[in-house]
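Structure record follows, encoded as structure tokens.
The values are calculated or read from the model by the stated rules, or taken from the named source; none is laboratory data. Remember, predicted model here, so these are calculated numbers, not experimental data. Note: ideal-geometry Cβ built from the backbone for every residue, glycine included; neighbour counts use all protein chains shown. Each accessible area value is taken on the protein alone, full model and side chains, heavy atoms only, with ligands, DNA and RNA left out. Shrake-Rupley method; radii C 1.70, N 1.55, O 1.52, S 1.80 Å.
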Amino acid sequence: MPHFGWLMAAKLPNFVATCTLGLLLSSTVGVSSAQQPSPNIGQLQEVVRSVSNRFQSPEEASFDPGWWTPYVAQPIELDLASRPLTLEQTIVETLIHSKQIKVFSELPLIRETAVIEASAAFDWAHYADTRWDDLSEPIGNSLTAGPGVNRFNDHQWTGRTGIRQRTLTGGTLDLSQQLGFQDNNSQFFVPNPQGTARLVLGFTQPLMRGRGRCYNNSLVVLAQIDQAAASDEFRRQTELHLLEVTRAYWALYLERAALYQRVQLYTRGKEILDRLSARASLDASEFQVATATAAVASRESDLLRAKATVANAQSRLRSLVNSPTLIDVEVLPVDQPTFAVSNANLEESVNIAMQFRPEVLQALKQVKAASIRLDMSKNELLPLLNLTTQTYLAGLAADGQSFDAFGNQFSTGSPSYGVGLVYERPNGNRAALARKQRRQLELRQLHNQFATTQETIRYEVAVAVRELDTSLNELSTKYVALVAQAQQLAAMQARWEQLPAQQVNATLALENLLETQHRVATAEFEYLTAQLTYNLSLVNLKRASGILMRSENIELSNFYECGVPTNVLNKY
């Protein structure tokens with residue numbers, strides 16, 4: 001397998017990169033702007049139209065992936081184990097190991113606990129209380145305990161247990177059973193001691209403020225909306241992270257390919273230097289040798305920098321994926337850029353984005369939540385008017401037998417009951433009015449925010465569609481320029497080899513050849529960049545349309561471990 005040291009001395013196929021805008025403008029160097037005629041606006045518009053229409057059918061073009069393609073997946077560091085990695089494997093590893101995705105996945109689970117917490121307000125609650133009182137008080141009235149008694153001594157125990165529940169209509173239902181024992185020195189306390197029992201059923205129902213299922217269930221609905229919005233946020237953050245991982249994968253591919261391009265450039269220069277050094281005693285001038293030496297030294301410096309950049313790109317990918325399988329190994333991206341033509345319709349892409357972009361779904365949920373809060377604030381403008389009802393059974397037994405009293409409450413006498421109303425309204429009701437106004441302002445703000453979100457998404461989709469078309473057309477232009485530059489380099493190489501080394505023209509031809517080789521390496525890098533830009537634009541359009549996870553067949557599942565839920569993303 002070829003490696004870095006082998007490529008330093010290898011003769012690789014010759015290819016030329018594309019012409020840049022600076023090269024196109026270089027023909028005008030030396031002519032001042034004052035000497036150039038002002039361009040005609042019609043001519044300028046015609047040029048723009050002709051360039052725009054030049055590549056209307058890029059699918060008809062064929063692209064050469066480049067001589068560097070088979071070398072990218074070959075190891076460079078022979079002292080390290082290598083790990084071939086496809087983009088799909090990278091995404092799977094990211095879904096399993098990425099710490100950042102794990103952070104995102106916790107948010108919906110955290111918000112889910114708020115739903116349970118809000119709905120728990122309607123759960124039955126059991127309560128119990130007990131109290132013992134031992135009184136010894138001076139008597140100022142003989143009717144308290146009878147003649148001749150100076151202090152009133154009373155021993156009393158009460159215990160109560162019951163259940164209560166808040167209903168969805170806003171009412172409170174309370175059922176309790178009370179038992180008691182009392183013993184004192186009053187002559188009027190008969191029987192003495194005595195046991196008591198009371199079974200109480202009470203219900204309080206708001207008739208105005210706080211009434212109705214819609215109002216009382218609002219906090220549960222708001223918590224559910226918040227949880228759903230958190231799930232949308234999880235998907236948004238995950239798609240952005242996967243896009244970043246894809247960028248890092250292709251960035252590693254780019255830097256590895258660029259390294260081999262630098263190796264090719266260095267090798268070409270080294271061949272010229274070796275040839276001139278061998279002919280130094282014959283016809284090669286010192287100036288020519290010095291020129292070639294300087295060029296090779298500069299290219300060697302670029303080569304070292306390119307190798308460091310590969311290591312940096314590899315570290316970046318590791319930091320995003322967090323897979324333990326990528327530690328202390330050389331990552332080899334084995335996928336190659338695709339040249340398959342993909343056309344996108346702007347309106348269709350915008351419609352898809354409006355259906356699937358998490359930001360749109362989040363904004364709609366926020367508007368819905370604000371509407372619910374506004375309805376709650378309208379209910380809170382009403383006065384407090386509560387209907388209170390209570391009925392109870394009471395029993396009494398001698399000798400302090402509380403359990404006998406418990407049985408007597410069902411067999412002796414009849415139920416007691418009471419009905420009442422409670423009314424309250426603050427003067428001016430300013431707090432409720434302020435809350436309502438705040439909710440109205442928040443709702444109006446969210447409507448405008450939703451419109452802004454729609455416009456932002458439309459803009460992002462338009463940019464993504466335009467970038468897809470432009471990057472494919474740019475790829476075509478870069479490839480056309482690449483072929484032309486290859487012919488130029490071949491001509492320059494043949495001319496330099498044919499000229500006698502001692503001629504001045506040969507020295508100029510050498511300088512031009514070295515410069516052309518450098519332009520070839522730059523153009524190869526631009527062509528490579530255009531390839532990866534097109535591939536990234538395909539992924540970015542999916543992300544902008546909100547279907548990146550859907551297109552990658554990524555689904556969300558969860559499981560419980562020790563009673564704690566965990567969200568897991570699976571790629572099928």
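Would you point out the residue of the stretch 450-470, among those that are open to solvent by 80 Å² or more (accessible area, probe 1.4 Å) and not aromatic (Phe, Trp, Tyr), that is farthest from residue 347 (Cα to Cα)? Walk me through how you get there before you give the answer.
Of the residues in the stretch 450-470, the ones open to solvent by 80 Å² or more (accessible area, probe 1.4 Å) are 452, 455, 458-459, 466.
From the residues that got through so far, the ones that are not aromatic (Phe, Trp, Tyr) too are 452, 455, 458, 466.
Details: 452: 18, 455: 13, 458: 9, 466: 12 Å.
Step by step, filter the stretch 450-470, then rank; the result is 452.
Specify which of the listed residues (517, 502) is under 24 Å from residue 258 (Cβ atoms) and either at pLDDT below 85 or in a helix (DSSP H, G or I) (or both).
Values: 502 fails: under 24 Å from residue 258 (Cβ atoms).
Going through 517, 502 in turn, just one is under 24 Å from residue 258 (Cβ atoms) and either at pLDDT below 85 or in a helix (DSSP H, G or I) (or both): 517.
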Review point. In the stretch 323-346, how many residues are outside any loop (DSSP other than H, G, I, E, B) and open to solvent by 50 Å² or more (accessible area, probe 1.4 Å)?
Key: 3
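Please count how many residues of the stretch 394-415 are in a strand (DSSP E or B) and open to solvent by less than 40 Å² (accessible area, probe 1.4 Å).
If we filter the stretch 394-415 for residues that are in a strand (DSSP E or B), which is where we start, we get 394-398.
Pick out the ones that are also open to solvent by less than 40 Å² (accessible area, probe 1.4 Å) and you get 395, 397.
Total meeting the criteria: 2.
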Check your understanding: Within the stretch 417-432, can one find any residue that is free of Cβ contacts under 8 Å to residues at least 40 places away in the same chain, closer than 30 Å to residue 190 by Cα and exposed (fewer than 15 other Cβ atoms within 10 Å of the Cβ)?
Key -> yes
Check your understanding: So, in the stretch 155-190, of the ones that are of a type in the set (Phe, Trp, Tyr) and out of contact with any Pro (no Cβ under 7 Å at 6 or more places or on another chain), which residue ends up farthest from residue 214 (Cα to Cα)?
Key -> 188
Practice item. Looking only at the stretch 261-272, decide whether some residue is more than 18 Å from residue 330 (Cβ to Cβ), open to solvent by 20 Å² or more (accessible area, probe 1.4 Å) and aliphatic (A, V, I, L, M). Key: no
Point to revise | Single residue of the stretch 152-188 satisfying the filter (surrounded by 15 or more Cβ atoms within 10 Å (Cβ to Cβ) and β-branched (Val, Ile, Thr)) that is farthest from the chain's Cα centre (by Cα) | key: 158
Revision key, fill the gap. Checked pairs for the stretch 266-285, first of a type in the set (S, T, N, Q), second open to solvent by less than 70 Å² (accessible area, probe 1.4 Å) and in a loop (DSSP other than H, G, I, E, B), C-beta under 9 Å and 6 or more apart or across chains, list as 267/10; 267/12; 277/284; 285/501
**Study point:** Unmet requirement for residue 361, which otherwise passes all of (1) among the aliphatic types (A, V, I, L, M); (2) in a helix (DSSP H, G or I); (3) over 30 Å from residue 436 (Cβ atoms)
**Key:** (3)
Exercise for review: Identify, by number, the condition in (1) open to solvent by 50 Å² or more (accessible area, probe 1.4 Å); (2) in a helix (DSSP H, G or I); (3) closer than 27 Å to residue 550 by Cβ that residue 349 doesn't meet.
Suggested key: (1)
Review point. Of all residues in the stretch 189-245, how many are in a helix (DSSP H, G or I) and open to solvent by less than 30 Å² (accessible area, probe 1.4 Å)?
Key: 16
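Residues to consider are 449, 445; find the one that is in contact (Cβ under 8 Å) with a residue 60 or more places away in the chain, within 43 Å of the chain's Cα centre (by Cα) and over 30 Å from residue 285 (Cα atoms). Can you show your working first?
Values: 445 fails: in contact (Cβ under 8 Å) with a residue 60 or more places away in the chain.
One residue alone meets the criteria, 449.
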**Study point:** Selection count where residues are open to solvent by less than 20 Å² (accessible area, probe 1.4 Å) and assigned to a strand (DSSP E or B), scope the stretch 536-566
**Key:** 1
Check your understanding: Do you know which residues across the stretch 145-176 are in a strand (DSSP E or B) and either under 30 Å from residue 379 (Cβ atoms) or in contact (Cβ under 8 Å) with a residue 40 or more places away in the chain (or both)?
Key -> 162, 163, 164, 165, 166, 172, 173, 174, 175, 176
**Study point:** Residue identified as open to solvent by 60 Å² or more (accessible area, probe 1.4 Å), farther than 30 Å from residue 320 by Cα, out of contact with any helix residue (DSSP H, G or I) (no Cβ under 7 Å at 6 or more places or on another chain) and modelled with pLDDT of 60 or more among 38, 52
**Key:** 38
